[in-house]
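Please read the structure below before turning to the comments.
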Amino acid sequence: MLRWPADGRVLFLHARDGWALRRFPLAGLVCEQGFKPFADALARAGLAVVARAEGRFPLVLALPPRQRDEARALLARALDHLEPGGVLVACQSNLEGARSGEDDLDRLAGLAGNFSKHKCRVYWTRAEALDAALHAQWRALDAPRPILDGRFVSRPGLFAWDRVDAASALLAARLPDDLAGNGADLGAGWGWLAAEVLARCPQVTALDLYEAQARALELARRNLADARVPVGFHWHDVRAG
Ligand SMILES: C[S@@+](CC[C@H](N)C(=O)[O-])C[C@H]1O[C@@H](n2cnc3c(N)ncnc32)[C@H](O)[C@@H]1O
């Protein structure tokens, strides 16, 4: 139903490694992946992985995330990477919003086809019916923005992106206030807990934030830019040590 481009140039957004890829020549495949465990798996398989893709391609593959604003923004950006006449193919599991994703792409650009298998839906477009106004609107849907009365910056799709998570709040409220020395925050998100530690524990002298999701770490960096102690930011899979 769909062809791999003759010149092999393919962009894969939110890429995951998998056996299905092995049927194709992969020298021209560019994978974009911000979640470190998945990025590491792609790199281990010898595939080209970038944090942020550039350029236009005859075929763009995308695995939209569950959060709808982030997914819509991804579809909008994916269209920006299409060459004229190119095809954007998206796939989602039914449990992660496949039906909504398909409706969204249809609204945005008009569908050229769809298929359903293994409790997933794959749907694609040649952008022949692009709604330019919606395209501009959806591109900005997951942009970073102030939250919690402007004290932090966050964006849709991150863990508890627009609020303080109840469990994190419970943990922060029970922190001993005599924590001292250098600390590590494993799974720092957009930085709320790290900021609380620094506010509540005056004897903490340095903090290292480890976060697997690049787009969360980027905002933690902004949220802790004025920290009173040295803060390190590490894009890292903490299961790797
Ligand atoms: C429950 S959230 C906590 C966020 C933040 N500490 C807070 O209290 O609001 C867990 C975070 O761990 C990150 N994470 C998940 N797996 C990870 C891994 N293997 N290595 C590093 N971070 C990971 C997630 O992206 C998420 O931001």
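What angle, in degrees between 0 and 90 and rounded to the nearest 10, separates the Cα long axis of helix 68-80 from the longest principal axis of the Cα atoms of the chain?
50
With a ≥ b ≥ c the root eigenvalues of the C-alpha gyration tensor of segment 1-149, is it rounded (a/c under 1.5), prolate (a/b larger than b/c) or oblate?
Working: a/c = 1.41, a/b = 1.17, b/c = 1.21.
Note, shape of segment 1-149 comes out rounded.
Can you tell me the length gained on complete extension of the stretch Ala133 to Ala227, counting 0.36 nm per residue apart and subtracting the Cα distance? Don't skip to the answer; put the middle values down first.
On the way: separation 94, 0.36 × 94 = 33.84 nm, distance 4.00 nm.
Length difference between fully extended and current span is 29.8 nm.
Provide, for q = 0.10, 0.16, 0.18 Å⁻¹, the log10 of I(q)/I(0) from a solvent-free Debye sum over equal Cα point scatterers in segment 145-240.
-0.23, -0.62, -0.80
At R0 = 22 Å, how high is the FRET efficiency between His234 and Ser168 if r is their beta carbon distance? Nearest 0.05 is fine. Walk me through the numbers on the way to the answer.
On the way: r = 19 Å, r/R0 = 0.88.
Given R0 = 22 Å and the Cβ-Cβ separation, E is 0.70.
Can you say what percent of the DSSP beta bridges in segment 145-240, counting only those with both residues inside, are antiparallel? Round to 5. Don't skip to the answer; put the middle values down first.
Numbers: 3 of 14 bridges.
So the antiparallel bridges in segment 145-240 amount to around 20 percent.
Among DSSP bridges having both ends in segment 183-235, what percentage is antiparallel? Round to the nearest 5. Can you show the working numbers first?
Values: 0 of 9 bridges.
About 0 percent, rounded to the nearest 5.
Values quoted throughout were computed directly from the atomic coordinates according to the rules given, and no laboratory measurement underlies them. Computed from a predicted structure; not experimentally measured. Cβ: placed from backbone, ideal geometry, glycine included. Neighbour counts: every protein chain shown.
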